[in-house]
Amino acid sequence: MIEFRAMQESDIAQVCAIENANYPFPWSKILFTDALHSSKRCISMLQAGELVGYGILSFVVGEAELLNISIAPSAQGQGLGRQLLQHLVLLSESSGNTTLFLEVRESNAPARHLYESEGFNEIGLRKGYYPVPGGRENAILMALPLSL
């Protein structure tokens, strides 16, 4: 059974473990803690009571931005990323936003495919946005119009 809830302080260690397992340049514990204590929407995804994913949204003047989304490596390949994304889209929409934006690494074909299959469109490019070993990588900007 899948459950979504507001991220709690006690989730931060597991969130950081997932983040560190998935990304060569992960968010730090302090970034997650700061997000939790700000106006950002921090969502934990649980499967059978175990934290398996999370998402962080920012809402500003009718626009939402997906700042971070991740599924634990052990839980990938089960469609949980899609379920989490759909939940975050609904949360963005029900909070009165008209568009949901995100950035994705140019090399992250699986994530780009997921976003496109959920209706996101490429709207731009940020050159050299993400760090990579020995350099920088472009970010693809994507947007999803939300129906109110």
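The table below gives the values:
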{"quantity": "Any hit, segment 108-128, residues being within 26 Å of SER10 (Cβ to Cβ) and aliphatic (A, V, I, L, M)", "calculated": "no"}
{"quantity": "Wholly within segment 1-104, strands (runs of 3 or more DSSP E) carrying at least 2 residues that are open to solvent by less than 80 Å² (accessible area, probe 1.4 Å), closer than 26 Å to ASN121 by Cβ and among the small types (Gly, Ala, Ser)", "calculated": "50-60, 63-71"}
{"quantity": "Scope segment 1-45; condition hydroxyl-bearing (Ser, Thr, Tyr), touching a residue at least 40 places away in the same chain (Cβ under 8 Å) and out of contact with any Phe, Trp or Tyr (no Cβ under 9 Å at 6 or more places or on another chain); matching residues", "calculated": "TYR23"}
{"quantity": "Lone qualifier among ALA111, ALA139 - being in a strand (DSSP E or B) and of a type outside the set (Val, Ile, Thr)", "calculated": "ALA139"}
{"quantity": "Verdict on SER95 being of a type in the set (S, T, N, Q), modelled with pLDDT of 95 or more and farther than 21 Å from PHE25 by Cα", "calculated": "yes"}
{"quantity": "All positions within segment 114-136 that are outside any strand (DSSP E or B) and aromatic (Phe, Trp, Tyr)", "calculated": "TYR115, PHE120"}
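The values are calculated or read from the model by the stated rules, or taken from the named source; none is laboratory data. All figures in this text were calculated on a predicted structure; none of them were measured in a lab. Quick reminder, even Gly has a Cβ in these numbers, built from the backbone with ideal geometry, and neighbours come from all protein chains shown. Each accessible area value is taken on the protein alone, full model and side chains, heavy atoms only, with ligands, DNA and RNA left out. Shrake-Rupley method; radii C 1.70, N 1.55, O 1.52, S 1.80 Å.
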